[in-house]
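The values are calculated or read from the model by the stated rules, or taken from the named source; none is laboratory data. Just so it is clear, the model here is predicted, and its values are computed rather than measured. Positions of Cβ are generated from backbone atoms using ideal geometry, with glycine treated the same way; all protein chains shown enter the neighbour counts. To get the accessible areas, we keep the full protein, side chains included, count just its heavy atoms, and leave off ligands, DNA and RNA. Shrake-Rupley method; radii C 1.70, N 1.55, O 1.52, S 1.80 Å.
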Amino acid sequence: KGRDQLDVPVAAPSNIDLNLRGKRSRIGMRLWKVGVSVLKSDLYARLNLEKPTEGQIEAKGYPKSWISFPQIDEAYFKQLTAETCVMEKLSSGHAKYVWKKTYSENHALDCFIYGMAGFYVLGANKWGDEKWGELLNFYLV
């Protein structure tokens, strides 16, 4: 479930299933709260990275935060960048950052954000080169 106010990519899950006595069950369904603002900011920062030169790629490879896309049509990228973060002034005089739609369809953005959340839930953001190599060998064999 998306939450704008979270300051982490994914918060600890909460148990939402109830047992026959009306108490929360520890073995049932769990709800993960997703910090959509954090993940959208992360995605937009990655999309703004400059492509490394051929020399940089040969020397160091792509940066760890680099996102590579296959040949995809413009409509996908319009959806992926369908929101922008703007500052709104509250009646109290304080400022608040909110995400506003700039394009009517944002399905690609939502899917990408929840995919990133799944990445964090799995702990894949902490995997090293050895783990990624194992997965690559497992799936390519």
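For the stretch 44-58, a tally of residues being open to solvent by less than 100 Å² (accessible area, probe 1.4 Å), part of a helix (DSSP H, G or I) and not small (Gly, Ala, Ser) returns 5. Scanning the stretch 6-43 for residues that are open to solvent by less than 100 Å² (accessible area, probe 1.4 Å) and not in a helix (DSSP H, G or I) yields a total of 20. Looking for something touching a Leu at 6+ places or on another chain (Cβ under 8 Å), modelled with pLDDT of 90 or more and more than 28 Å from ALA12 (Cα to Cα) - is there at least one such residue anywhere in the stretch 114-124? Checked the stretch 114-124: no residue is touching a Leu at 6+ places or on another chain (Cβ under 8 Å), modelled with pLDDT of 90 or more and more than 28 Å from ALA12 (Cα to Cα). GLY61 meets each of the listed conditions (1) surrounded by 14 or more Cβ atoms within 10 Å (Cβ to Cβ); (2) at positive phi apart from (1). Residue count for the stretch 103-141, restricted to those that are in a loop (DSSP other than H, G, I, E, B) and open to solvent by 100 Å² or more (accessible area, probe 1.4 Å): 1.
Among what's in the stretch 73-95 and is of a type in the set (A, V, I, L, M) and in contact with a Phe, Trp or Tyr (Cβ under 8 Å, 6 or more places away or on another chain), pick the residue that is surrounded by the most Cβ atoms within 10 Å (Cβ to Cβ). Restricting to residues being of a type in the set (A, V, I, L, M) and in contact with a Phe, Trp or Tyr (Cβ under 8 Å, 6 or more places away or on another chain), the top hit is LEU80.
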